[in-house]
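See structure below.
The values are calculated or read from the model by the stated rules, or taken from the named source; none is laboratory data. Everything numeric in this text was worked out from a predicted model, so none of it was measured. Note that we place each Cβ from the backbone using ideal geometry, even for glycine, and neighbour counts take in every protein chain shown. The area values use the complete protein model at the heavy-atom level, side chains included, leaving out ligands, DNA and RNA. Shrake-Rupley method; radii C 1.70, N 1.55, O 1.52, S 1.80 Å.
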Amino acid sequence: NNFSHNDRFGNEAVALQISVEQADDLHMENLCLFIDDVLCGFFMYHVSHDGQYAIVNHLKVDYAYPRIFDYLTYEGVGKIASESIPYVNLEMDLGIPGLRTHKMELGPTDFFKKYTIIPQ
């Protein structure tokens, strides 16, 4: 419950559950941060089939700890870099203006194509 600020519809919990269920198929990796034996953050990602991109599926922290988000981001991206993966899709902007602004300030080198899939 401490890992989310804006999940009033429960979408993050559903997305996390699906990621965990598909972790083996996606070859999901994770980095967990424990403070005094308590899980205080986790960073989950998978690598694209060509090994060029790490896609961060979930990055959640307990915001009771100052700068914990920045620290776990730094450690997670460092783990990806140590695997010689050149690009990281750090966060989806989900159309949220503040998050998109933040991502643009990071100086992206490229963008994934966006698709909308509608069942027939």
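Roughly how much of residue 80 is accessible, in Å² to the nearest 10, using a 1.4 Å probe?
The value for residue 80 is about 0 Å².
Spin-label point model (7 Å from Cα, Cβ direction): what's the residue 65 to residue 102 distance in nm?
Inter-label distance under the simple model: 1.7 nm.
Which order do 32, 40 take by accessible area at a 1.4 Å probe, largest first?
On the way: 32 60, 40 0 Å².
These residues rank, largest area first, as 32, 40.
Tell me, what are the semi-axes, in whole angstrom and largest first, of the equivalent ellipsoid of the range 24-69 as set by the roots of 5 times the Cα gyration tensor eigenvalues?
On the way: eigenvalues 127, 24, 9 Å².
Each semi-axis is the square root of five times an eigenvalue, giving 25, 11, 7 Å.
Taking amide hydrogens as modeled 1.01 Å from N in the peptide plane, which residues meet the under 5 Å criterion relative to residue 89, leaving out close sequence neighbours?
54, 55, 56
Would you kindly find the accessible area of residue 109, with a 1.4 Å probe and non-protein molecules such as ligands, DNA and RNA excluded, rounding to the nearest 10 Å²?
That residue has around 110 Å² of solvent-accessible surface.
Given the Cα-Cα distance of residue 109 and residue 26 and 0.36 nm per residue of separation, how much length would full extension add, in nm? Intermediate results must be reported in sequence, preceding the final value.
Numbers: separation 83, 0.36 × 83 = 29.88 nm, distance 2.43 nm.
Full extension from residue 109 to residue 26 adds 27.5 nm.
Taking every eigenvalue of the Cα gyration tensor of the range 19-120, multiplying by 5 and rooting it, what semi-axes result, largest first, whole Å?
With the √(5λ) rule applied to the range 19-120, the semi-axes are 23, 18, 16 Å.
Please give the length that would be gained between residue 79 and residue 14 if that part of the chain were fully extended, namely 0.36 nm times their separation in residues minus their C-alpha to C-alpha distance (nm, one decimal). Walk me through the numbers before you get to the answer.
Details: separation 65, 0.36 × 65 = 23.40 nm, distance 2.61 nm.
Extending this stretch completely gives an extra 20.8 nm.
If I ignore ligands, DNA and RNA and count only protein heavy atoms, how much of residue 46 is accessible to a 1.4 Å probe, in Å² to the nearest 10?
In the full protein context, residue 46 sits at about 30 Å².
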